[in-house]
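Reviewing the structure listed below.
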Amino acid sequence: MRLAVGLSGGADSVALLRALAARSGELGLVLHAAHLHHGLRGEEADADLDFCRKLAASLNLPFHESRVDTAAEAKANPATGKPAESIEEAARRLRYQWFRGLMASGELDAIATAHTLDDQAETVLAKFLRGAWTEGLAGIHPKLEDTVRGLILRPLLATTRAEVEAYLNALGQPWRDDSSNRHLTFTRNRIRHELLPLLEGWNPRLREHLAQMAELARDEEAWWQSELARIAPQILLTGRPVRGGGRGASGGLAIDVTRLAPLPPALQRRLLRHAADQLGAALDFLSTESLRSLALTGRAGQKLELEGLHAERTPRELRLSPGRRSLPKSQTAEPKSKAAEPFAVAIPGEIRAPLFGLHLRIGLSSPAIPEDSPPNHPRLSAILRNWKPGDRICLRHSSGPKKVKEVLERMKVTGSERSLWPVLELAGRIIWMQGVELEPEPGLAIVVTELGSASVDDSSR
């Protein structure tokens, strides 16, 4: 088998490369190394590439390399309808796109990535925090098989990061540290450096248990898929009934509610979500429950509009068809050519700021600022405004103030979005900035939501 290790230069991938290189003959492998330069972190990333190239050469391994502009790829493209992605999402998409391209070209049969048990635990916890269904809790799969392009393997999923580093230290093998792995602006890093260590104070074996949960979820998901393949054809009907019998081709699906009703709720949800997925819609829990309620207790003629899905109840069926989808913000937001006007926010109080696309509420979380303070008290009014040159912020767990300009550069915020980035100022200090976590402001609870969406920032001080 021609197998390439996805080599970033970090401890995990270096350990995987060294371990496979030591046993490639025994395992029947023709080993390669593959490194993708993401166009981030400047000279540091250039040094990572050089390190990987030299390591592959020292092991006499073929080396594949390529470069991409992740920051540019992450931006929305209104012309194609492509929504904006986070840097993390875009980097992952580009990485696997390149891996699959290498396999599709015939150069390789498989790619091995160096995800560890720690990565698995972080992934499962992140999925849980986002409200994933049970299939999401399956986390990172040990093997992804594509019959056309090849295999993606994760041989280290049962190995901890501590074991990886101990192995490399025993070999005297150095590795590269990615400085972005310490930036708490990224959700993954906050889970790794803050949340998991905190939870391990309650359960020191938490990482192991999260990895076990992922294995259980994968096995249960495999069973559900086989069960759906057996039951769905009996419940899901295509098209609409026509006179004289049979069904016409309408491009939609229907569910016989008299056959759905006796089924257990778990199976009802699975069938409804499966039907929606067939029509290109992804349902969250509340949408699924709304659809289930319409199917089980709705009246003939009732309709329901969900994201990407239209549902209508008839006397015997729940009929589903593709529905309207919300346009990405990049296509619906009004163009902004100049800075938004500052908004004054009373404390306590709340405002809607349409030019920023935000709803902001400031409350008191302690008696630090008495509600009956005089109206001219300097801490009873905050200003929501665009950042400006010279602004500095104190990131949580940072060693000192940072320039907003530098933080935005690190976040890869560019163009008009960068010039209009919102901050909240109180008594000459910035106490909130979109997209980052700042040092707490004693006595205040700040809740910021995007207009028309759920909370995006909840800063209780």
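The values are calculated or read from the model by the stated rules, or taken from the named source; none is laboratory data. What you see is a predicted model; the values in this text were computed from it and never measured. All Cβ positions, glycine included, derive from the backbone under ideal geometry; neighbour counts span all protein chains shown.
For this structure, a couple of remarks:
- Here ALA311 does not fit the description of being at pLDDT 85 or above, farther than 22 Å from ASN386 by Cβ and part of a loop (DSSP other than H, G, I, E, B).
- Residues satisfying the stated conditions in region 34-70, i.e. part of a helix (DSSP H, G or I) and either surrounded by fewer than 17 Cβ atoms within 10 Å (Cβ to Cβ) or β-branched (Val, Ile, Thr) (or both): GLY42, GLU43, GLU44, ASP46, ALA47, ASP50, ARG53, LYS54, ALA57, SER58, THR70
- Taking the criterion of being under 28 Å from GLU307 (Cβ atoms), modelled with pLDDT under 75 and either part of a loop (DSSP other than H, G, I, E, B) or among the polar types (S, T, N, Q) (or both), the residues of region 317-339 that qualify are ARG324, ARG325, SER326, LEU327, PRO328, SER330, GLN331, THR332, ALA333, GLU334, PRO335, LYS336.
- One residue stands out in region 159-188 among those that are within 19 Å of ALA45 (Cα to Cα) and modelled with pLDDT of 85 or more: the one that is nearest to the chain's Cα centre (by Cα), namely ASP177.
- Test for SER86: is it in the same structural domain as ALA15 (by TED's automatic domain parsing), polar (S, T, N, Q) and more than 25 Å from ALA15 (Cβ to Cβ): yes
- Selection within region 256-300: residues that are closer than 18 Å to GLY136 by Cα, surrounded by fewer than 18 Cβ atoms within 10 Å (Cβ to Cβ) and hydrophobic (A, V, I, L, M, F, W, C). The member of this set that is nearest to the chain's Cα centre (by Cα) is ALA282.
- Residue that is at pLDDT 75 or above and outside any strand (DSSP E or B), where the choices are LEU355, LEU291: LEU291
- Scanning region 12-41 for residues that are out of contact with any strand residue (DSSP E or B) (no Cβ under 7 Å at 6 or more places or on another chain) and either on the phi < 0 side of the Ramachandran plot or without any contact (Cβ under 8 Å) to a residue 24 or more places away in the chain (or both) yields a total of 12.
- GLY9 being at positive phi and either of a type in the set (S, T, N, Q) or surrounded by fewer than 20 Cβ atoms within 10 Å (Cβ to Cβ) (or both): no
- Looking at region 368-461, the strands (runs of 3 or more DSSP E) lying wholly inside it that each contain 1 or more residues that are at pLDDT below 80 and at negative phi sit at 381-386, 444-450, 455-460.
- Qualifying residue in region 127-136 (condition: small (Gly, Ala, Ser), surrounded by 15 or more Cβ atoms within 10 Å (Cβ to Cβ) and not in a helix (DSSP H, G or I)): yes
- Being out of contact with any helix residue (DSSP H, G or I) (no Cβ under 7 Å at 6 or more places or on another chain), farther than 25 Å from GLU88 by Cα and in a helix (DSSP H, G or I) is a condition met by at least one residue of region 197-209.
- Residue within region 233-250 that is over 34 Å from the mean Cα position of the chain (by Cα), modelled with pLDDT of 90 or more and in a helix (DSSP H, G or I) present: no
- Per the listing ASN189, ASN203, ASN169, the residue uniquely crowded, with 16+ Cβ neighbours inside 10 Å and free of Cβ contacts under 8 Å to residues at least 60 places away in the same chain is ASN189.
- Screening GLU163, GLU145 for residues that are surrounded by 14 or more Cβ atoms within 10 Å (Cβ to Cβ), acidic (Asp, Glu), at negative phi and in the same structural domain as LEU17 (by TED's automatic domain parsing) leaves exactly one candidate, GLU163.
- Yes/no for GLU215 being at pLDDT 90 or above and not assigned by TED's automatic domain parsing to the domain that holds TRP133: yes
Listed here are the residues, each with its yes/no results for (1) of a type in the set (Lys, Arg); (2) assigned by TED's automatic domain parsing to the domain that holds LYS127; (3) within 27 Å of ALA19 (Cβ to Cβ).
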| residue | (1), (2), (3) |
| --- | --- |
| LEU168 | no, yes, yes |
| ASP178 | no, yes, yes |
| HIS183 | no, yes, no |
| THR187 | no, yes, no |
| ARG192 | yes, yes, yes |
| LEU195 | no, yes, no |
| ARG207 | yes, no, yes |
